[in-house]
Amino acid sequence: MASATGPVLECKGISKFFPGAIALDAVDLALYPGEVHALLGENGAGKSTLIKCLTGAYRRDSGKILLEGEEVSPQSTQDSQKLGIGTVYQEVNLLPNLSIAENLFLGRQPMRHGFISQRRMNSMAKDLLAEFGLDVNPAELLSGYSVAVQQVVAIARAVELSGKVLILDEPTASLDRDEVELLFSVIEKLKARGLAIVFITHFLDQVFEISDRATILRNGRLIATRRLAETTQTEVITLMLGRQLEHRIQDRAPSEAGDTLIELRNFAKRGVIDPFNLTVRKGEVVGLAGLLGSGRTETANLIFGAVQADQGEALFEGRKIGLRNPREAVAHRIALCPEDRKSDGIVGDLSVRENIILALQARQGWHRPLPKAKVNELAEAYVKALDIRLASLDMPIRLLSGGNQQKALLARWLATNPSFLILDEPTRGIDVGAHAEIIALIERLREDGMALLVASSELEELVAYSTRVIVLRDRRHVTELKGDEITTSNIITAIADEPLAEAV
Ligand SMILES: Nc1ncnc2c1ncn2[C@@H]1O[C@H](COP(=O)(O)OP(=O)(O)OP(=O)(O)O)[C@@H](O)[C@H]1O
Ligand SMILES: [Mg+2]
């Protein structure tokens, strides 16, 4: 056994090779009881792979794992959970149509005379979640609760049996500020109990807020482990990228918008979003700001026809159009790059190449396949332009790192050469370097005369690229900011304020 001050878990020289890629090259990691340890690096750096090797979800090619000083070799996530290593993966695997209690105890339900005892399960679930400060009805469907609650359920499931190490792969990617607070309070409680917690994220502010130490990976190699009290964000970014971040967010270029491209009048869907008017001109980026659930995504979906409006009219280049479904939107070269890449976006088993040309092929019709050379040329051009890291265009897209999947999805819609591009959270799960590239890309598309609508929870970014910002609250468009009015503090005021002036 290790002494009380020794690491609870150690990885020594972990390597993992994939055809065409060295995902991990002799990486070391030591976790101490009661510490939050951030695992950082660019998209594709090897963070998720390290976690999967550690838990046995992937077979490592070399290296050792020591738990409290003894060598262990878990063969699966269940195995490592039995050893006390709980994991919540980047792709949360809960079942929305089961109850909270069922999700917590799936596969290990308390039995009574050969039957699952619902009552006992519900009361155990209630007690367990109360420990995390969550007061919910465990008999209700998981899908009825917010992503944050679902996240806490996933954590409770992961630590319930274990209690030595908890690994969280991008747990806050789709949480708003209050929900992050809830999650952080759970992390603090577990830390106080002496768990070692691994926290993977691209939000560096959050890293500095909650973590004690950070390990930085680059191209599958261990670059450094740092005590966060003794370092700065700039140093961490430089270690991640291997260079300094060049593009700082620039001042907004003056807007020289062209003709009106799309105009929505009195558009609405009862119970989803209140009536709004919206005009977007060519060469304009309209930002959508608001808390999670304020109606940003709903606005985007309504315009794309993914959700059907029940009132209002739409004009495209001055002519009335239906916008009743995505097919109609695509026919007018309207594109929507959705927020949730897993459920609305990628087709995991298709190759990266096929995923990139999917929308273009669909618009052209499946009976007229795009010529092979053209497909290759397009896919290669976008992989280069967006710096998508992959071993080959033939690999199934599910094998790309999370952030690289997000970029491939963006490529799919750019390949359709849209006249109007709607982006919902375009930088979610994307690393700092790629953030800067996507912001620059939005700028470039706007200068080329595209009309864009971008929903984002990253206010600095909205301020950087938007020529107008619409603020939403409680499913209403409440304020519009233009020109010099577009500042983060004005946006925050509008998000938080009591009802402002009249709706736009
Ligand atoms: N099963 C697999 N087959 C082939 N290559 C893989 C597989 N799993 C991961 N890779 C590759 O290994 C590298 C590391 O990927 P990993 O998912 O660990 O990155 P990450 O640091 O978690 O990135 P992100 O921040 O985007 O989630 C990537 O180049 C990825 O394409
Ligand atoms: Mg990952």
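The figures follow:
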{"item": "Exceeding the 27 Å Cα-Cα cut-off - candidates Lys47/Lys189; Lys282/Lys320; Lys320/Lys372; Lys126/Lys191; Lys47/Lys384; Lys82/Lys189", "result": "Lys320/Lys372"}
{"item": "The chain - percent relative contact order, Cα under 8 Å, separation 6 or more", "result": "16"}
{"item": "Carbon and sulfur %, accessible surface of the stretch 137-209 computed with the full protein complex present, 1.4 Å", "result": "49"}
{"item": "Orientation-averaged projected area, Cα convex hull of the stretch 343-417 (nm²)", "result": "4.7"}
{"item": "Solvent-accessible heavy-atom area per residue, rounded to whole Å², over the stretch 1-155 at 1.4 Å", "result": "46"}
{"item": "The stretch 251-405, accessible surface, carbon-and-sulfur percent (1.4 angstrom probe)", "result": "47"}
{"item": "Within the stretch 298-331: backbone nitrogen closer than 13 Å to the Asp259 label point (7 Å, Cα to C-beta)", "result": "316-319"}
{"item": "Accessible-area composition of the stretch 1-57, carbon plus sulfur, in percent [1.4 Å probe]", "result": "58"}
{"item": "The chain, helix-only ellipticity at 222 nm - DSSP H runs n ≥ 4, -39,500 (n - 2.57), divided by all residues, nearest 500", "result": "-10000 deg cm²/dmol"}
{"item": "Efficiency of FRET from Cβ geometry, Asp178 and Ala391, R₀ 25 Å, rounded to 0.05", "result": "0.05"}
{"item": "The stretch 395-503, accessible area per residue, ligands and nucleic acids excluded (1.4 Å, Å²)", "result": "34"}
{"item": "Surface per residue (accessible, 1.4 Å probe) for the stretch 265-322, Å²", "result": "42"}
{"item": "Rg ratio (alpha-carbon, reference 2.2 N^0.38 Å) - the chain", "result": "1.02"}
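The values are calculated or read from the model by the stated rules, or taken from the named source; none is laboratory data. Every value quoted in this text rests on a predicted model; they were computed, and no experiment measured them. Quick reminder, even Gly has a Cβ in these numbers, built from the backbone with ideal geometry, and neighbours come from all protein chains shown. With ligands, DNA and RNA removed, areas are computed over all heavy atoms of the protein, side chains included. Shrake-Rupley method; radii C 1.70, N 1.55, O 1.52, S 1.80 Å.
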